[in-house]
1. Please work out the C-alpha center-to-center distance from segment 90-104 to segment 134-162 and express it in whole Å.
2. Only bridges whose two residues both fall in segment 74-180 count here: according to DSSP, what percent of them are antiparallel, nearest 5?
3. Past 20 Å, Cα to Cα: identify those pairs from Lys63/Lys129; Lys52/Lys149; Lys91/Lys129; Lys129/Lys149, in the order given.
4. Enter the accessible area per residue of the chain (Å², integer; probe 1.4 Å; all protein chains in place).
5. Short version: ³J(HN,Hα) in whole Hz for each residue of segment 137-152, in order, from phi by Karplus 6.51 cos²θ - 1.76 cosθ + 1.60 (θ = phi - 60°), x for Gly and Pro, what are they?
6. Tell me the mean residue ellipticity at 222 nm calculated for the chain from its helices only (DSSP H runs of n ≥ 4, each -39500 (n - 2.57), averaged over every residue, nearest 500).
7. State the answer as a single residue: which of Ala50, Val97, Gly29 lies farthest towards the positive end of the charge dipole of the chain, with beta carbon charges of +1 for Lys and Arg and -1 for Asp and Glu, about the Cα centre.
8. Can you compute the radius of gyration and Dmax for the chain, using only the Cα atoms, both in Å?
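The values are calculated or read from the model by the stated rules, or taken from the named source; none is laboratory data. No experiment lies behind these values; they were computed from the predicted model shown. Here Cβ is always computed from backbone atoms with ideal geometry, including for glycine, and neighbour counts include all displayed protein chains. For accessibility, only protein heavy atoms count, side chains too; no ligands or nucleic acids. Shrake-Rupley method; radii C 1.70, N 1.55, O 1.52, S 1.80 Å.
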Amino acid sequence: LRLEDNRDARLTGSLIHACFEQVDWLEDGSPADDLLKEELRRIEGASQNAIKSAIASFRRMIKRPNTANLLRRDQFETDLFNSFDEYRVEKERAFAVRLDEGLLHGFIDRLVLLVRDGKIVAADVVDFKTDELTPGDRETLHQRVAVYKPQIQSYRDAVAAIYGLSRDDVSARLMFVAIDQAVPID
C-alpha cells in the first residue's frame with residue numbers, strides 16, 4: 001500500500017470538495033479566492049501549496065463544460081423542467097433515514113430540490129468524485145462507477161424517503177471532475 005499517496009489523494013479530494021461547497025449557482029458567480037482560502041485552511045493537513053493547487057484545479061474544473069453545466073440553474077430550465085418555481089441547492093446535506101435495511105446516514109455533496117407551488121416535487125443528487133482518471137479510459141471509468149454506484153443509489157433512496165418522492169423523481173449523478181464526466185445513475 002502506498003499510504004502517503006492515499007493520504008495525499010484524500011486531502012486533495014477534501015480540498016476540492018470544499019471548493020465545490022462554496023458554489024450555489026455559477027450564474028451568480030464563482031467564490032472569491034479569499035473565501036476559498038479561508039475555507040480550505042480549516043482542513044487538517046492543508047498546506048499553503050496544497051490550498052493554492054486545489055484552488056487552481058477547482059478554477060480549471062468549473063470552466064469545463066460538463067462541470068460548469070452541473071453547477072448552473074439553467075440545466076433545469078428546459079422544456080421538460082420549465083414548470084418549477086424554485087431551485088434550492090444544499091451542499092454537504094447531512095441525512096439519517098430509516099430504510100428497509102436499517103438506518104442510512106451520510107452526506108450528499110450537492111442536492112438540488114425542485115419546487116412547484118411550494119412543494120418539493122423532484123430532486124437531483126450529485127456526488128463529486130476526484131479520482132484521477134485518464135480521459136477516454138472507459139474501462140477504468142466503468143470500474144469506478146461500479147464501485148460508487150451503490151453509494152449514490154442509497155443517496156437517491158434517502159432523498160426519496162426524506163421528501164416523500166418516488167425514486168423516479170430523484171435523479172442521481174456521479175461527477176468525475178478530473179475528466180469533466182457526469183455519469184447518470186439509474
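1. Rounded to whole Å, the Cα centres lie 17 Å apart.
2. On the way: 20 of 27 bridges.
Of the beta bridges lying entirely in segment 74-180, close to 75 percent run antiparallel.
3. Values: Lys63/Lys129 17 Å; Lys52/Lys149 31 Å; Lys91/Lys129 15 Å; Lys129/Lys149 12 Å.
As for pairs spanning more than 20 Å Cα to Cα, those are Lys52/Lys149.
4. Numbers: 10480 Å² over 186 residues.
Counting only protein heavy atoms, the per-residue value for the chain is 56 Å².
5. 7, 5, 5, 5, 4, 4, 5, 5, 4, 4, 5, 8, 4, x, 4, 5
6. Working: 5 runs with 73 residues, N = 186.
The helix-only estimate for the chain comes to -13000 deg cm²/dmol at 222 nm.
7. Ala50
8. Spelled out, the Cα radius of gyration and Dmax of the chain are 16.9, 53 Å.
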